[in-house]
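The structure appears below as structure tokens.
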Amino acid sequence: MTAYSWLTFLTARQQLASRLADTGNVFWTDTECGIYVCQALRMFNVLTFTWKQDFVFNSSTLWNSLATLTNSPRIRTLTDTYCYTLMEYMLLEPPTGGTWSGTSQFTINDFSTALRRNAANIKLQPDVAF
């Protein structure tokens, strides 16, 4: 499969800032724009299955998780800390990830509970990668 390249991650972040009329990253930081670009690409992947690809499957066991196999295109990279940071940006709180330095309206435990509750309610298809 040939590699396809259209724009760089830096260019995508800059274009997002431009579309938000914030080229100086005053209201949305460059890091925040990067998180939103990644989130958009994840959603595009999940909704369209665009990044399907073949890979060599060599395993001596009967049952395998595609997310843990070597060279698998389905390796999961989304972490709790990433989700906490995204949620903090969306709530206009200081983005700290695994700790809480925001207002007293929320705690990091609130985020953790929400993620656990949501994950328990979602039944993912085996070939969907986040």
Review point. Assigned to a loop (DSSP other than H, G, I, E, B) and at pLDDT 90 or above: does that describe Val56?
Key: no
Exercise for review: Would you point out the residue of region 85-102, among those that are at pLDDT below 90 and of a type in the set (Ser, Thr, Tyr), that is surrounded by the most Cβ atoms within 10 Å (Cβ to Cβ)?
Suggested key: Thr96
Exercise for review: Determine whether region 60-79 contains at least one residue that is within 28 Å of Gly97 (Cα to Cα), β-branched (Val, Ile, Thr), out of contact with any strand residue (DSSP E or B) (no Cβ under 7 Å at 6 or more places or on another chain) and assigned to a helix (DSSP H, G or I).
Suggested key: no
**Study point:** Residues located in region 23-38, provided they are over 20 Å from the mean Cα position of the chain (by Cα) and surrounded by 12 or more Cβ atoms within 10 Å (Cβ to Cβ)
**Key:** Asn25
Revision key, fill the gap. Taking region 1-48 and keeping residues of a type in the set (Gly, Ala, Ser) and under 20 Å from Pro73 (Cα atoms) leaves Ala3, Ser5, Ala40
Point to revise | Selected residue (only one of Leu41, Leu66 is modelled with pLDDT under 80, within 30 Å of Ala3 (Cβ to Cβ) and surrounded by 14 or more Cβ atoms within 10 Å (Cβ to Cβ)) | key: Leu66
Practice item. Identify the residue in region 80-121 that is assigned to a loop (DSSP other than H, G, I, E, B) and small (Gly, Ala, Ser) and, among all such residues, is nearest to Phe49 (Cα to Cα). Key: Gly97
Practice item. Output the number of the condition that Ala40 fails; it satisfies all remaining conditions of (1) in a loop (DSSP other than H, G, I, E, B); (2) in the same structural domain as Arg13 (by TED's automatic domain parsing). Key: (1)
Exercise for review: Would you mind stating whether Gly97 is more than 13 Å from the chain's Cα centre (by Cα) and within 20 Å of Ala114 (Cα to Cα)?
Suggested key: yes
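The values are calculated or read from the model by the stated rules, or taken from the named source; none is laboratory data. Everything quoted here is computed from the prediction, not taken from an experiment. Positions of Cβ are backbone-derived with ideal geometry, glycine not excepted, and every protein chain shown enters the neighbour counts.
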